[in-house]
Amino acid sequence: ETAMLVGGVAGHAGLFSTAEDLSRFARMLLGGGTLDGVTLLQPETIARFTAREGTVGESSRAIGWDTRSVEGYSSAGTKFGPRAFGHTGFTGTSMWFDPDAQIFAILLTNRVHPTRDNSKVGGVRASYADLVYDALVQ
């Protein structure tokens with residue numbers, strides 16, 4: 001809603017893209033910064049941006065990313081590994097990566113339609129990540 005005040009696009013306004021483009025982005029990150037033979041990021045940059053800041057227990061945040069919670073609820077579910085990182089959005093979207101299993105889960109939703117008073121997507125995010133893991137990891 002506040003993004004509309006600045007013309008409809010703002011860095012804080014969630015995750016907006018297509019599943020196809022986000023899939024390419026995910027493959028690039030899991031590929032160490034390279035996609036289709038083109039290097040966009042160095043592996044060291046990805047490692048730095050996805051490393052948890054602070055000590056365990058203080059925060060699960062990395063630089064621009066979240067990491068899987070050690071205890072309690074995580075929108076990454078229960079099966080993504082300890083190096084998993086991801087991002088969620090106000091509209092219910094989520095994108096999680098497991099670099100050890102080489103998988104990712106993308107969930108695009110619009111939880112604010114028809115009203116912003118809808119928090120049901122919280123449980124869906126974690127369950128979805130677990131279903132993706134089960135479907136892709138043998």
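The values are calculated or read from the model by the stated rules, or taken from the named source; none is laboratory data. On a predicted model such as this, the values are computed, not experimentally measured, just so you know. Please note: Cβ atoms are built from the backbone with ideal geometry, for glycine as well, and neighbour counts cover all protein chains shown. Calculation scope for accessible area: heavy atoms of the full protein, side chains included, ligands and nucleic acids excluded. Shrake-Rupley method; radii C 1.70, N 1.55, O 1.52, S 1.80 Å.
Brief remarks follow.
- Sub-6 Å Cβ pairs linking a first residue in the range 23-48 that is closer than 18 Å to Asp100 by Cβ to a second residue that is open to solvent by 50 Å² or more (accessible area, probe 1.4 Å) and in a loop (DSSP other than H, G, I, E, B), at least 6 apart or interchain, are Met28/Leu40; Leu30/Gln102; Gly33/Leu40; Gly33/Leu41; Gly33/Gln42, ordered by first then second residue.
- Matching residues, the range 107-122, being over 8 Å from Gly92 (Cα atoms) and either among the basic types (Lys, Arg) or open to solvent by 70 Å² or more (accessible area, probe 1.4 Å) (or both): His113, Pro114, Arg116, Asp117, Ser119, Lys120
- When the criteria are applied in full, Leu131 fails the requirement of being in contact with a helix residue (DSSP H, G or I) (Cβ under 8 Å, 6 or more places away or on another chain) and either in a helix (DSSP H, G or I) or modelled with pLDDT under 95 (or both).
- Some residue of the range 115-125 being at pLDDT 95 or above, within 22 Å of Ser17 (Cα to Cα) and in contact with a Lys or Arg (Cβ under 8 Å, 6 or more places away or on another chain): no
- The one condition in (1) modelled with pLDDT of 95 or more; (2) open to solvent by less than 70 Å² (accessible area, probe 1.4 Å) that Thr93 fails to fulfil: (1)
- Number of positions in the range 51-110 that are closer than 24 Å to Thr2 by Cβ, out of contact with any strand residue (DSSP E or B) (no Cβ under 7 Å at 6 or more places or on another chain) and hydrophobic (A, V, I, L, M, F, W, C): 3
- Arg68 closer than 22 Å to Phe25 by Cβ, open to solvent by 60 Å² or more (accessible area, probe 1.4 Å) and of a type in the set (Lys, Arg): no
- Of residues in the range 1-36 being among the β-branched types (Val, Ile, Thr) and open to solvent by less than 90 Å² (accessible area, probe 1.4 Å), the one modelled with the highest pLDDT: Thr34
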